Amino acid sequence: MLRQTTQALVAMRYPHDTWVLDEGNDDRVKAMCAELGAHYFTRADHSEYDTTSGRYATGTKHGNYNVWLAEIRPDRYDIIMNIDPDHIPVASYLERALGYFDDESVGYVQVAQVYYNQPASLVARGAAEESYTYYSSLQMSSYALGYPIVTGSHTVHRLAALQAVGGFAPHEADDLLITIMYRAAGWRGVYVPEDARARHHAGRLADVPGSTASMGSFGDGHQAPLVPEVGEGHALHGTDGELGARPVLSVGDRHCSRTRRV
């Protein structure tokens, strides 16, 4: 699965670097990255960040990302795209997302996703179908207000915006929390309901026990307190105090007017 995802990332057409972030220090992953042309990073070389909680917590996705963010040069990239290893981006993914960052108020772009193994089982198909409302009317409604919900498994971020909110949110529901944090800090988002999507492998959602466990985890995370994590001094509105009632940019305005470092 990781090889398939890495191959697809490297193959995206817009010029970019691909990084694989390894929680451990696996020689097989190193060899795969060397073979496919991806960069390799392991937090095992940076024990100074090891902690059981907070921004750099070990054993967490946000901790792994944040250690990488802390160690790269801040001026190396303008935009980063995070993606889970069970997702496969189409080759045009970056081309369809990057143009929206020409608006300097846009902090993140969220693209839709679909399951590519829906035929695997009735449960996998059901897991895909229950997401249709979310990735259509709910996300478009949120986009109309300027704040589509971040999908933690794959999002494109303006690095300056991500750093401004302290990196990836240290929470089980990190995607929902960082959406709130972006809004509190005055950054807007864009939702792209097109086929520049990441194709998601249903994985644990393909059978009843796995689906139940996954949904339980999602539910627990989203019921946990989120607002106190935003911190003092932040209001839940944009810098102009208005939510607005229209998308940040038109769907057709998707091409970059200048080169981005990705």
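The values are calculated or read from the model by the stated rules, or taken from the named source; none is laboratory data. Since the structure is predicted, the reported quantities are computational estimates derived from the model, not experimental observations. So basically every Cβ, Gly included, is an ideal-geometry build from the backbone, and we count neighbours across all protein chains shown.
Observations, loosely collected:
- Any hit, the range 99-107, residues being touching a helix residue (DSSP H, G or I) at 6+ places or on another chain (Cβ under 9 Å) and under 27 Å from Thr179 (Cα atoms): yes
- Residue match in the range 131-150 (condition: touching an Asp or Glu at 6+ places or on another chain (Cβ under 6 Å) and either crowded, with 20+ Cβ neighbours inside 10 Å or polar (S, T, N, Q) (or both)): yes
- Yes/no for Val156 being within 18 Å of Tyr77 (Cβ to Cβ), out of contact with any His (no Cβ under 8 Å at 6 or more places or on another chain), of a type outside the set (D, E, K, R) and modelled with pLDDT of 90 or more: yes
- Filter result for Trp68 (surrounded by 14 or more Cβ atoms within 10 Å (Cβ to Cβ), modelled with pLDDT of 90 or more and closer than 19 Å to Asp175 by Cβ): yes
- Restricting the range 113-122 to residues that are at pLDDT 80 or above and farther than 22 Å from Ile83 by Cα, the residue that is surrounded by the most Cβ atoms within 10 Å (Cβ to Cβ): Ser121
- Residues within the range 82-130 that are within 26 Å of Phe168 (Cα to Cα) and free of Cβ contacts under 8 Å to residues at least 40 places away in the same chain, tallied: 1
Rundown of residues vs (1) acidic (Asp, Glu); (2) closer than 25 Å to Tyr116 by Cα; (3) touching a helix residue (DSSP H, G or I) at 6+ places or on another chain (Cβ under 6 Å), yes/no style:
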position: Ala8; (1), (2), (3): no, yes, no
position: Ala11; (1), (2), (3): no, yes, no
position: Lys30; (1), (2), (3): no, no, no
position: Ala34; (1), (2), (3): no, no, no
position: Tyr40; (1), (2), (3): no, no, yes
position: Asp50; (1), (2), (3): yes, no, no
position: Gly54; (1), (2), (3): no, no, no
position: Lys61; (1), (2), (3): no, yes, no
position: Glu71; (1), (2), (3): yes, no, no
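- Scanning the range 20-34 for residues that are outside any helix (DSSP H, G or I) and acidic (Asp, Glu) yields Asp22, Glu23, Asp26.
- Taking helices (runs of 4 or more DSSP H) as the structural unit, those lying wholly within the range 35-145 and holding at least 1 residues that are assigned by TED's automatic domain parsing to the domain that holds Leu177, over 19 Å from Ala11 (Cα atoms) and among the β-branched types (Val, Ile, Thr) correspond to 122-129.
Let's see how each residue does on (1) in contact with a strand residue (DSSP E or B) (Cβ under 8 Å, 6 or more places away or on another chain); (2) part of a helix (DSSP H, G or I):
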position	(1), (2)
Val156	yes, no
Leu162	yes, yes
Ala169	no, no
Leu176	no, yes
